[in-house]
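Asks: Sharing a structure with you now.
The values are calculated or read from the model by the stated rules, or taken from the named source; none is laboratory data. Computed from a predicted model, the values in this text were never measured in an experiment. Here the Cβ positions follow ideal geometry from the backbone for every residue, glycine too, while neighbour counts run over all protein chains shown. For accessibility, only protein heavy atoms count, side chains too; no ligands or nucleic acids. Shrake-Rupley method; radii C 1.70, N 1.55, O 1.52, S 1.80 Å.
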Amino acid sequence: MKAFIALKLLDRFKGIFNKMGIDYHVMRRIVQIKLTMDGRRVPTIMNSSSKRKRNEGNKDKNLFKTSLLVYFIIGIVFLPFILMGTNYIFQMSFVFGILIFLLMTTLISDFSSVFLDIRDKNIIFSKPVKNITLSGAKFVHILIYMISITFSLSALGLIASLIRHGVLFFLIFLIEIIFIDIFVVVLSALIYLFILRFFDGEKLKDIINYVQIILTITITIGYQFIGRIFNIVGYNVVYVPKWWQYFIIPMWFSAPFELINNGSTKIYFVILTALAIVIPIIAIIIYIKLLPTFEKNLQKLNNNYSQNKNQNYKFTNGISNLICSTKVEKTFFRFCLDMMKNERNFKLKVYPSLGFSIVLPFIFLFSYIRDEGFSTMASSKLYFTIYFCALMLPSVIMMIKYSEKYKGAWIYKVAPLAETSDIYKGTFKALIVKLILPIYFLECMIFTAIFGIRIIPDLILIFLIMLIYVVVCFSLFKKALPFSEAYGTGGQGEGMIIIPMMIILGVMALIHFFVTTIQYGVFIYIIIALLVNIFAWKKAFKIVL
């Protein structure tokens, strides 16, 4: 079995793990197996060629390394803040704000399923392995990947800090990004542990998915506070301390630079520096104390009992009869709703993007209110920011073809279906009803309260454009039947298509903005959009099986 460098470094902390009550030898072996499996995973793809199957292991083995290269390129955004000067509380607050934002979103979208994985317990717990050892292995497994991602993001920044500010700055930066990794992973684990403590069964699964949205919204809004902490006076950035700033996590980690590098011994820098050290240590101590109960409470995820199945069936059946025209379409509408409700991996990967869709429109509104005032905003056309709701569509449509139970896709081959039109229409109508409509309706009510009933025709038009955008996204992505592929089998470049999709959405929004300058232009555009929808939804999904 491969000797991983990360495990050799981990061996230096063997004594600490043993003092925690963790069997280090067993934990190390579990982590080694997990890392090996990550490298050897060969996903099954329907209708793949034998040659592709032979090469697929090597392709997947390099996927994580490829992603690290992408993170390395993203790390360029840190350079201006690190190189600009010596106002460290300002510069490093932005650096750590961006870093924590990226790490939390990565952890939520990619590693939540690892935290909540209970599949290996049937094998591991047949051996003399303690709960605390398995939880420790899971924590270390995630931490290794998070540190790899963090160093990829921070590599350019670390090099720039060494050249621009010297060895001391570099060492503080290096130590703090390790502290941040530990803190982010522990904080996420404690949140899941809290939820597992008070909920179980289907309700627990729903609560966990809602937490994905809440965490995404929280870190997105929290990042917006960083820019509002500082005032620009002339050409200088001035920091004015306030009591609520002690709750802004990036400021904890930026304060040591002011304290050590700039020699500022002001009390608020001392307190913020203390928080950067004490809070992560307290968090990890609490997590260690609660580790034995974490794996035990994970068993609650196996409880699938639900009292509302009959009521839910009647509701979905009524909706399908209302918006679906054929029997096949109704069948796949209900099938897709059930899959989106029960597929935990699907929800863990998709729900964070829903959180962004909820909060992004309001971020721009808050910025405008601060600068221009509420009354000026209410008479403006800033309601166009609701188009940001549609940013979730590409990622959701891309994920709709994946499933944990993809092997059941053989049913498509034996079903008497000549073409896929009704399959896709039923699927995407379910997607709209389940994920898009609730968020859009909520935001429409808030926007109407802010901007008045004058925007109702525009909101109707935006929804029609979003329906057209669904067809556009479907047309650009690789075609695959719903829930028919295993997670991780998509093409490496498929995610890059999202960028031109965003440009297309922007063009649609600009056309809408232009027609608002024409008398009755919005109403004419509504009629055109309605006709385009009828034609597009009738023709776009006709693909021969």
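Asks: Just checking: which of the helices (runs of 4 or more DSSP H) contained wholly in region 392-463 hold 2 or more residues that are over 30 Å from Ser375 (Cα atoms)?
Replies: 392-399, 410-414, 421-431
Asks: Give me the pairs, please: first residue somewhere in region 143-172 and within 21 Å of Ile260 (Cα to Cα) and touching a residue at least 40 places away in the same chain (Cβ under 8 Å), second residue anywhere and open to solvent by 70 Å² or more (accessible area, probe 1.4 Å) and in a helix (DSSP H, G or I), beta-carbon distance under 8 Å, and either six or more positions apart or on two chains.
Replies: Once the first residue is within 21 Å of Ile260 (Cα to Cα) and touching a residue at least 40 places away in the same chain (Cβ under 8 Å) and sits in region 143-172, its partners that are open to solvent by 70 Å² or more (accessible area, probe 1.4 Å) and in a helix (DSSP H, G or I) give Ala160/Leu83; Arg164/Leu83; Leu168/Ile260; Phe169/Leu162; Ile172/Ile260.
Asks: Also: Before we move on, is Ala137 crowded, with 19+ Cβ neighbours inside 10 Å and among the hydrophobic types (A, V, I, L, M, F, W, C)?
Replies: yes
Asks: Something else now. Quick one: in region 425-438, which of the residues that are farther than 9 Å from Phe333 by Cα and not aliphatic (A, V, I, L, M) is surrounded by the most Cβ atoms within 10 Å (Cβ to Cβ)?
Replies: Checked region 425-438; the qualifying residue surrounded by the most Cβ atoms within 10 Å (Cβ to Cβ) is Lys434.
Asks: Got a sec? Which of Ser379, Ser403, Ser421 is polar (S, T, N, Q), out of contact with any Leu (no Cβ under 7 Å at 6 or more places or on another chain) and open to solvent by 20 Å² or more (accessible area, probe 1.4 Å)?
Replies: Criteria check complete, one pass: Ser379.
Asks: Continuing with this model, one more query. Which one is modelled with the lowest pLDDT among residues in region 488-545 that are of a type in the set (Gly, Ala, Ser), surrounded by 15 or more Cβ atoms within 10 Å (Cβ to Cβ) and within 19 Å of Leu467 (Cβ to Cβ)?
Replies: Once the filter is applied, the top-ranked residue is Ala540.
Asks: Also, I was wondering about something else. Pick out the one residue from Gly136, Gly85 that is among the small types (Gly, Ala, Ser) and part of a helix (DSSP H, G or I).
Replies: It is Gly136.
Asks: Can you tell me which residue is surrounded by the most Cβ atoms within 10 Å (Cβ to Cβ) among those in region 252-277 that are in a helix (DSSP H, G or I) and among the β-branched types (Val, Ile, Thr)?
Replies: Applying the filter and picking the extreme gives Thr273.
Asks: Inspect region 349-372 for any residue being in a helix (DSSP H, G or I), among the small types (Gly, Ala, Ser) and surrounded by fewer than 21 Cβ atoms within 10 Å (Cβ to Cβ) and give the result as yes or no.
Replies: Yes, that holds for at least one residue.
Asks: Restricting to region 161-204, count the residues that are at pLDDT 85 or above and open to solvent by 10 Å² or more (accessible area, probe 1.4 Å).
Replies: 17
Asks: Please state which one of Ile358, Ile363 is closer than 28 Å to Lys429 by Cβ, touching a residue at least 12 places away in the same chain (Cβ under 8 Å) and of a type in the set (A, V, I, L, M).
Replies: When all the criteria are applied, what remains is Ile358.
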